[in-house]
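To start, the structure under review is shown below, and the notes come after it.
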C-alpha cells in the first residue's frame, strides 16, 4: 500500500489557506499514486485554535472546509483532523475519507487538559474507538493523546486486529520529545503487532513549536520511514516494501531549529516582513541576531546599538563585529541626552533619594522606547533578547529590555545560550569569541556584573529547572546539594517576578515547562 | 439550630494566615454559641490556587492546615473547603468537622473547566454525594458548581431527604450574578424541600473579585438571612427562628464596589501601600483616581500630570480640580524636552517619513517611563486608566498608558465609565462636570478626538459586547442593526490588538467575559 504522511504547517484560523494547502497535497498524492494520505490533528483549523472554538461560526466554517477536502479525495483515501459537532457538543475529530466520502469519523477519547493543553475547555470525549476498512486492511484511527495513555481502553480495542494504526498529532516540541515519541511508537507497534503511523504538524504557533518528526513504525518496532524535522513534507512510501534509514538531529541543532522555526512563523504568520533587535554587545542579543538572520535572511533583520555612559568600548566593538559577521547593518542611537532629561525632570521629586534601580530601569526603558519608535515607524517586529534565567529571576526590565513582540530566548536558560552559540559557531564563527569570554553585564551602572546579583549561572539554572520544571520544594532542592541561602534567594526572585512575566511577550517553548500556557501561577500569591 | 455563615477573605497561598483567620472565626462562633459554621470553597488555600496545586509540598501544607482547623473545632461543627489527596489524585473537597474530628469528606463532583475556571487541570471528579448527620439533622454537602448543574446526579441524591444543604463557593463576581445565584438557590430549596446555605468568599484575587452575598434560603424559597456584599462577615442566626430582611446593592454600586475591592486587595495583598496614577484631565483617569481614593484612602494615592504641547489648558484645570476634590496632591512633569530628545535622535533614521503613530505612541511611552521611575523610586504601584473599549480596539499604547501594575477599568466599557462617574458624583461631586462634558481625547496630536478613530462609544460598546461577550459573528452583529463597515472595522481592531492585551496588566473582571482567563484567543490567528 502506498502511503503518504503529510507533515504540513497550517495556520490557526486560516481555514481557506489550510484547505488550499491540504487539497494541494491531496492532488500531489493522487499524482504520485498514493492510496492513503494522512494529515495532522486539527489540520483544518490549525492547533491550538483556543477560544476560536467558542465561536459557532468558526465551527460551521470548519465543517464546510472539511466538505471541500472530502470532495477533493478522488480515488484516494485520507485521514484528516477537524472539529466535529454532534448534539451541540464539540469533538476533536478525525475524518476517514475514501473517494469523496467520509466513511468513518473518530472522536478523540483522551483529551489532554494539563501542561499547555486545555482540550476539556472545548471538547467532549469520544465514547468509542473507530476502525476503518480500506483495500482489505483493518485500520485503527487515533488522535495524539490516545497514543500516550498507556491503559486507554480505546487504544487497546482499536489496536485489536488492526494491521495499521494511524495517530494524527499536534504534538508540541520540547527538548528530547522526539525520542520519547519514537520509544512509545515502537512499544505500541510491537504490542499491537501492527504498523503505527505518527503524523505531526510543523510550524510555530505563538509559544508552541511543532517539530514534525512524522514516522512509520513496523510491527517489529522499527522506524521504516520518517519525515525531516522542522520541514513541510509529503513523505511517500510503500508500506510493505520501502525501508528508509533515519536519524534525528542532535540536541543543540534541535533547539536551534525549534527557535528559528518558532521565530520565523511568528514573524511571518503575523504579517511582519522585518525584525528589529537591540544589539548590546552581549551574548543574548548576539544569539538572537544569529537566529533571526538564519530564520528570516539578513536583509530582513535590523539592529540598533544604544550606548549609555556605562557602555564599555568593548561592547561597541563586539556589536559591530557580530553584525558584520552576519551581514546586518547596525544603527546607533546614544541614550545619554534622553536619559538626562528624565533625571532633570525627576530631580525635584527624587530629592534626597539615593540613585538605584529606578535609574537603572529607566535606561532600559529609554532603549525600549527607541526600539518601539522604530518598530512603529517602519513596521518592524521587535525581538527581545532576554533568556530564561532572567525571565525566572526578574533580572530584566518591564517595558525596557522586555519590550517587544517576540522573546526568542524566553525559554532558553543562560547556560544553554552558551551551548547554542558554540553549536552555531561550530560551522563558521558568527559570534565573536570576545562576547563569549566576557562576564555577562547589564551595563546599567558602573562595573556591573550579572553575578553581583545572581548566583553563578550553572547553579542558578539548575535551581530554576528544579523549581520551575519539576515543582520541587525548597527542601528538595537543598537536598540536591545547593546552599540553603542561595536556593531561598532564587525561589524568592522567581516568585516575586510573576507580575513581570505576565506582561512579557510570547517566546518559543523548548523545555518541558516554559513561562507560558503551562505556567499558571497567581500574581497575588503568598505561598513561600 | 444556630448557624454561622463565615464569609471571609482568604489570601491565595497564605496557608498560615488563612488558618489563623479561620480559627479566629471558629473561636468567635464558639463564643456566640454557634452550632455549625460554614466556610467558603478552598478557604484553606484561597481561590484559585492555580498551579500551586501542582506543588506536592503545597498540598501537604494544606492538609496540615486542615488538621489545625479540625483541632480548633471544640464543641462545634464546621464545613471547610480544602484540597484533598487520595491515591495520588487531588480533589476540590469539603471537610465536615464535628468537635475536633473530620466526620465526612465530600469531593466536588462537578468541576468547572470553562470561562475563568480550569479545575480539570488539577482535580479529579468526586464519584459520590456526601451526607453528614449532625444534631439529628441530615445535611447534604455540596461545593459551588454542584449547585449550577441542573441535572447533576449528586445534587439530586444529596438533596434526597436532607433538611439542610450546604454549598460552599468561590464564585467570582460579574454584573448581575447575585440575582442569578438567588434565583437558583430558591429553585433548589423549593425542589428539595430543604434549607439551602450558600457561602461565598469575598476579596480580590488578580482579575477575579469575589463579592460574597452569602445567604440562607428556606424550603419555601425565601431568603431568611444574607451577608453584606463585599465585606467580611460572620453571619449568625437561628435557622428555625430568625428571619432577616435583605436587599442587594444596585447595579452601579455593585460594579463600583467590585472595582474598589479588586483594587484594594490587589494593592494590599501584593504588599504595596501606595499607588500612583497619571491624571490627564480625562474621565478615565478621574474615575480611576476616585476608585483608588475610595479603596485605599487619599493619603495612599499619588497623582502626576504630564502635559505635552498637545495638552489643552482645560485638561490641566480639570486634573487639578479632580485632585483637589479628592484631596490628592498633584505633581507635574512636562514631557516636552524628553520627547524632543527622542525626535532629535530619531530624525536621521526617520528622514522623509511622515509624522504618525510612532510619535503619538512615543509621548505615551515617555509618560509610562516617568510613572515607572516614580514607582521604582518610591515603591508605589502604578494604576493604569484604560477602559475596556480601548483594550478591545487597541486604542491605547503598549508600554505607554498600558504601563502599570493593575488596570482598574480594564473590563469597564466607556459607556459604563460615564454611568459610574454619575453614580459616584450622586452623593457628592468628585469628578468635575467639565470632564464629563468634554469629548474624549488622547491629546497625542493637534485637535485629536477619540471619535476620529473610533465609532461613537454607544455603538462601539454594543458591538464589543456582541463580539467579545457573546461570540457573535459578523453577520449576527450586523443583523442587530449595525452598519456593516463599522462592524467589520471594530472586529478587525479587536482581532489585531490581541498582542497588546497579552502584555497588559491584570484588572478586575466585572462582565461575563473579561480580557483575562476567559479570553484565550491566539495572537497568531487568521480567522476573520
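State log₁₀ I(q)/I(0) for the stretch A:314-444 at q = 0.09, 0.20 Å⁻¹ as given by the Debye formula over alpha-carbon point scatterers of equal weight, solvent excluded.
So the normalised log intensities work out to -0.32, -1.42.
To one decimal in nm, how far is residue A:351 from the same spot in the other copies, if labels go 7 Å from Cα toward Cβ? Please give the shortest first.
So the distances to the same position in the other copies read 4.4 nm.
Roughly speaking, what is the stretch gain from residue A:240 to residue A:492, that is 0.36 nm per residue apart minus the C-alpha to C-alpha distance, in nm to one decimal?
Between residue A:240 and residue A:492, full extension yields an extra 84.9 nm.
Taking each residue of B:506-512 in turn, how many C-beta atoms of other protein chains fall within 10 Å of its C-beta, and what is the average?
Neighbouring Cβ atoms belonging to other protein chains average 1 per residue here.
Between residue A:474 and residue A:114, what's the calculated FRET efficiency when r is the beta-carbon distance and R0 is 25 Å? Round to 0.05.
The computed FRET efficiency comes out at 0.55.
Work out, step by step, the length gained on full extension between residue B:67 and residue B:232: first 0.36 nm times the residue separation, then minus their alpha carbon distance; give nm to one decimal.
Details: separation 165, 0.36 × 165 = 59.40 nm, distance 2.37 nm.
Value of the extension gain: 57.0 nm.
Label position 7 Å from Cα toward Cβ: report the copy-to-copy distances for residue B:474 in nm, one decimal, ordered from shortest.
List, nearest first: 5.6 nm.
Helix-only estimate, please: 222 nm mean residue ellipticity of chain A, summing -39500 (n - 2.57) across DSSP H runs of length 4 or more and dividing by its residues, to the nearest 500.
Rounded to the nearest 500, the figure is -12000 deg cm²/dmol.
Quick check on the protein assembly as shown: of the DSSP beta bridges with both residues there, what percent are antiparallel, nearest 5%?
55 percent
At residue B:67, label 7 Å along Cα→Cβ: distances to the other copies, nm, ascending?
6.4
Expressed in nm to one decimal, what extension gain is obtained for the pair residue B:179 and residue B:222 from 0.36 nm per residue of sequence separation less their Cα-Cα distance?
Result: 14.1 nm gained on full extension.
Could you work out how far helix B:251-269 tilts from the main Cα principal axis of chain B, as a 0 to 90 degree angle to the nearest 10?
Helix B:251-269 sits at roughly 90 degrees to that axis.
Restricting the count to DSSP beta bridges whose residues both fall in the stretch A:2-248, what percent are antiparallel, rounded to a multiple of 5?
Values: 39 of 56 bridges.
Here the antiparallel bridges make up roughly 70 percent for the stretch A:2-248.
Looking at chain A only, what percent of DSSP beta bridges run antiparallel? Nearest 5 please.
55 percent
Given the stretch B:2-248, report the % of alpha carbon pairs whose separation exceeds 32 Å.
The proportion of pairs with Cα distances above 32 Å equals 10 percent.
Residue A:23 versus residue B:528, label points 7 Å from Cα toward the beta carbon: distance in nm?
1.9 nm
Residue A:422 label point, 7 Å along Cα→Cβ, cut-off 19 Å on backbone N: hits in the stretch A:469-512?
What the label zone holds, given the 19 Å backbone N cut-off, is no residue at all.
Can you give the convex hull volume per residue for the Cα atoms of the stretch A:175-226, as a whole number of Å³?
Spelled out: Cα convex hull of the stretch A:175-226, divided by residues, is 64 Å³.
Pairing the Cα long axis of helix B:336-350 with the longest principal axis of chain B, what angle in degrees results, from 0 to 90 and rounded to the nearest 10?
Tilt relative to chain B: about 70 degrees.
What is the calculated FRET efficiency for residue B:351 to residue A:344, with r their C-beta to C-beta distance and R₀ = 25 Å, to the nearest 0.05?
My answer for the efficiency is 0.35.
Which whole number gives the average, over all residues in A:359-371, of C-beta atoms from other chains lying within 10 Å of the residue C-beta?
What the average comes to for A:359-371 is 4.
For peptide A:44-55, how many partner chain Cβ atoms fall within 10 Å of a residue's Cβ, on average? Walk me through the intermediate numbers first.
On the way: counts 0, 1, 5, 1, 2, 5, 6, 8, 6, 2, 7, 6.
So the per-residue partner count for this stretch is 4.
Only residues of the stretch B:13-53 count here: report those whose backbone N is under 14 Å from the spot 7 Å along Cα→Cβ of residue B:99, or say none.
Answer for this model: B:35-36.
Only the coordinates and a few stated rules stand behind these numbers; no lab work does. This structure is a prediction, so every number in the text was calculated from the model and none was measured. Heads up, the Cβs are rebuilt from the backbone with ideal geometry, glycines too, and the neighbour counts pull from every protein chain shown.
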